[in-house]
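Worksheet: the structure to be examined is printed underneath.
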Amino acid sequence: MRLSRYFLPILKETPREAEIVSHRLMLRAGMIRQQGAGSFSWLPLGKRVLDKVNQIIREEQNRAGAQEILMPTIQSADLWMESGRYDDYGKEMLRITDRHERKMLYGPTNEEMVTDIFRSYVKSYKDLPLNLYHIQWKFRDEVRPRFGVMRSREFLMKDAYSFDLDFEGAKAAYNRMFVAYLRTFARMGLQAIPMRADTGPIGGDLSHEFIILASTGESEVFCRKEFLELQVPGADIDFSNDAEIADIVTTWTTPYAATDEMHDEAAWDAISEDEKVSARGIEVGHIFHFGTKYSKPMNATVTGPDGKEHHVSMGSYGIGPSRLLAAIIEASHDENGIIWPESVAPFDVGLINMKVGDEACDRICEELYAKLQAAGKDVLYDDTDQRAGGKFATADLIGLPWQLVVGPRGVANGEVELKNRASGERVSLSVADALNRLA
Ligand code: ATP
Ligand code: MG
Ligand code: MG
Ligand code: MG
């Protein structure tokens, strides 16, 4: 993409309404535009990162055996009356009436709808386990939308739903999602810590929130330092091996970790000070086993091996991709702007032409631009006539992992400069070596 053609509305001024760094940087870098309270448009740069984040989520959901579907945003209230949640959900639910006076709602989550899909088709335990997910917009009329896409009213959610014959099966399904989440967040360069979450009337210990430590997080969290050293399973992990997956979950759930809601002062006091992390955290994912909470009232059953009807045992598994973008920026930025991890960067390389119109600079840039793209790299080529200082500032602000700088002095010696955004390290290289390093 040529910057001269790219819709990248960079803001010079720091927007006053933005209280936290990720919100400020997303606005300044032209990633999002606020359209109303808790409502945002995604501009080209933001949309690119959102797509990358979604793709990682998708790959890890698929690897763990979940299957992607897409359900509507607008739902009929009837299903929610069946489950009993229509009245219980409260003011966070946006209720709508259509022209026939039918009660509708903008989905804040999809347990009811997916249970309806399940009960319409699946009749036998032989078709289990089943896990269906989608990545779809949700609306929750939050009391206090704030911090940009961190807590918005309309936001993107990946929500998966598992169906199993019994608790044992549901637990294995829960464990697979748990491990998929560890991999998902690690691939985005994030250290997410699974913390025990409240299970309410469901009971048991199968609910975890995945929390990113960040000073701007809304929850207070407590965990052992050893979490920061734990190994995340590799891509070769065998999701069909229940015992192997369960072992990983045990490793990641044994050391103390809790949000303020679940905090146990006595257990915490027993840990020595130098092994503790007490910080603030951002909830980026939440997994939950809820058994027959929906399958009973909505009558979702399968025939078991015993020939009898069983209400399926279910769980749900959420991730907030839009919130994740903000969380990644909270975790990875400096005073000059965003520092994208390579896996989610909107472009792999920023190619900066320091002297547009100079025959040699233009020629080398065009060559690098064509060859990097041919090698499958996403390149943002700054071919604008801005002065060099402004170009560097833009490149740092939007945080591309690599900047390739082409200036008249270097080019005269056959050299270009490669800068790593994260370390700030710069090296001079021949054009051929630069291509080798990046392609
Ligand atoms: P919170 O405690 O922050 O209100 P939640 O517990 O209500 O979140 P869940 O119902 O567990 O959220 O939804 C799953 C995921 O969706 C969350 O872990 C979060 O990543 C994301 N999410 C929830 N609410 C919002 C929101 N208002 N804006 C952006 N993302 C959200
Ligand atoms: Mg909430
Ligand atoms: Mg929560
Ligand atoms: Mg939650």
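The values are calculated or read from the model by the stated rules, or taken from the named source; none is laboratory data. Because the structure is predicted, anything quoted here is derived from the model rather than measured. FYI the Cβ positions are ideal-geometry reconstructions off the backbone, even for glycines, and counts take in every protein chain you see.
For residues in region 240-288 being within 16 Å of ligand 3 (Cβ to nearest atom) and in contact with a Phe, Trp or Tyr (Cβ under 6 Å, 6 or more places away or on another chain), which is farthest from I117 (Cα to Cα)?
Here is the first cut: in region 240-288, the residues within 16 Å of ligand 3 (Cβ to nearest atom) are 257-263, 280-288.
Filter again for in contact with a Phe, Trp or Tyr (Cβ under 6 Å, 6 or more places away or on another chain), leaving 258, 263, 284-285, 287.
Numbers: A258: 35, H263: 38, V284: 27, G285: 24, I287: 21 Å.
Looking at the filtered set, the residue picked out is H263.
Inspect all residues belonging to region 334-352 and state whether any of them is touching a Pro at 6+ places or on another chain (Cβ under 9 Å), modelled with pLDDT of 95 or more and in a helix (DSSP H, G or I).
yes
Could you tell me how many of the residues in region 281-302 are within 16 Å of ligand 4 (Cβ to nearest atom) and of a type in the set (K, R)? Lay out the reasoning, then the answer.
Step one: of region 281-302, the residues within 16 Å of ligand 4 (Cβ to nearest atom) are 281-290, 293.
Those still in the list that are of a type in the set (K, R) too: 293.
Here the count works out to 1.
Go through region 306-333 and count every residue that is under 12 Å from the mean Cα position of the chain (by Cα) and in a helix (DSSP H, G or I). So that I can check it myself, show each step before the final result.
Step one: list which residues in region 306-333 are under 12 Å from the mean Cα position of the chain (by Cα), which gives 318-329.
Okay, now just the ones that are also in a helix (DSSP H, G or I), so 321-329.
Counting residues in region 306-333 that are under 12 Å from the mean Cα position of the chain (by Cα) and in a helix (DSSP H, G or I) gives 9.
Taking Y381 as meeting all but one of (1) in contact with a Cys (Cβ under 9 Å, 6 or more places away or on another chain); (2) part of a loop (DSSP other than H, G, I, E, B); (3) not polar (S, T, N, Q), write down the number of the exception.
So the condition that Y381 fails would be (2).
Could you figure out which of (1) buried (at least 16 other Cβ atoms within 10 Å of the Cβ); (2) away from ligand 4 (no atom under 16 Å from the Cβ); (3) of a type in the set (V, I, T); (4) within 30 Å of L165 (Cβ to Cβ) isn't true of I328?
I328 satisfies every listed condition except (4).
Given the criterion modelled with pLDDT under 95 and either buried (at least 18 other Cβ atoms within 10 Å of the Cβ) or more than 27 Å from V21 (Cβ to Cβ) (or both), identify the matching residue among T292, T259. If you could, list the steps in order and put the result at the bottom.
On the way: T292 fails: modelled with pLDDT under 95.
None of the others qualify; the one that does is T259.
Among the candidates W340, W268, single out the residue that is closer than 30 Å to G204 by Cβ, more than 16 Å from ligand 2 (Cβ to nearest atom) and hydrophobic (A, V, I, L, M, F, W, C). Spell out the reasoning first.
Numbers: W340 fails: closer than 30 Å to G204 by Cβ.
Of the residues listed, the single one that is closer than 30 Å to G204 by Cβ, more than 16 Å from ligand 2 (Cβ to nearest atom) and hydrophobic (A, V, I, L, M, F, W, C) is W268.
Answer with yes or no whether L368 is touching a residue at least 40 places away in the same chain (Cβ under 8 Å) and either over 30 Å from L182 (Cα atoms) or in contact with a Pro (Cβ under 6 Å, 6 or more places away or on another chain) (or both).
Working: touching a residue at least 40 places away in the same chain (Cβ under 8 Å): yes; either over 30 Å from L182 (Cα atoms) or in contact with a Pro (Cβ under 6 Å, 6 or more places away or on another chain) (or both): yes.
Considered against the rule, which asks whether it is touching a residue at least 40 places away in the same chain (Cβ under 8 Å) and either over 30 Å from L182 (Cα atoms) or in contact with a Pro (Cβ under 6 Å, 6 or more places away or on another chain) (or both), L368 comes out as yes.
If you take the residues in region 273-294 that are away from ligand 2 (no atom under 16 Å from the Cβ) and assigned to a strand (DSSP E or B), which one is nearest to the chain's Cα centre (by Cα)? Write out each step before concluding.
Here is the first cut: in region 273-294, the residues away from ligand 2 (no atom under 16 Å from the Cβ) are 273-280, 289-294.
If we keep only those that are assigned to a strand (DSSP E or B) too, we end up with 276-280, 289-291.
Numbers: K276: 27, V277: 23, S278: 24, A279: 21, R280: 18, H289: 21, F290: 23, G291: 26 Å.
That would be R280.
Within region 112-133, which residues are within 16 Å of ligand 1 (Cβ to nearest atom) and either without any contact (Cβ under 8 Å) to a residue 60 or more places away in the chain or surrounded by fewer than 18 Cβ atoms within 10 Å (Cβ to Cβ) (or both)?
Of everything in region 112-133, those that are within 16 Å of ligand 1 (Cβ to nearest atom) and either without any contact (Cβ under 8 Å) to a residue 60 or more places away in the chain or surrounded by fewer than 18 Cβ atoms within 10 Å (Cβ to Cβ) (or both) turn out to be M113, V114.
Only one of T73, T97 is more than 16 Å from ligand 4 (Cβ to nearest atom), touching a residue at least 24 places away in the same chain (Cβ under 8 Å) and hydroxyl-bearing (S, T, Y). Can you tell me which?
On the way: T97 fails: touching a residue at least 24 places away in the same chain (Cβ under 8 Å).
Answer to the check: T73.
Residues V179, V221: which one is more than 10 Å from ligand 1 (Cβ to nearest atom) and within 28 Å of H333 (Cβ to Cβ)? First the steps, then the outcome.
Working: V179 fails: within 28 Å of H333 (Cβ to Cβ).
Checking each option against the conditions leaves just V221.
Okay, residues lined up against (1) over 30 Å from G307 (Cα atoms); (2) more than 16 Å from ligand 4 (Cβ to nearest atom):
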site: E101; (1), (2): yes, yes
site: L105; (1), (2): yes, yes
site: P129; (1), (2): no, yes
site: I135; (1), (2): yes, yes
site: E142; (1), (2): yes, no
site: F167; (1), (2): no, yes
site: A170; (1), (2): no, yes
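Taking only pairs six or more apart or across chains, which ones have beta-carbon atoms under 6 Å, a first residue in region 285-306 that is touching a residue at least 12 places away in the same chain (Cβ under 8 Å) and on the phi > 0 side of the Ramachandran plot, and a second residue that is more than 16 Å from ligand 3 (Cβ to nearest atom) and assigned to a strand (DSSP E or B)?
G291/S313
Of everything in region 154-170 that's in contact (Cβ under 8 Å) with a residue 12 or more places away in the chain and surrounded by fewer than 19 Cβ atoms within 10 Å (Cβ to Cβ), which residue is farthest from ligand 3 (Cβ to nearest atom)?
D166
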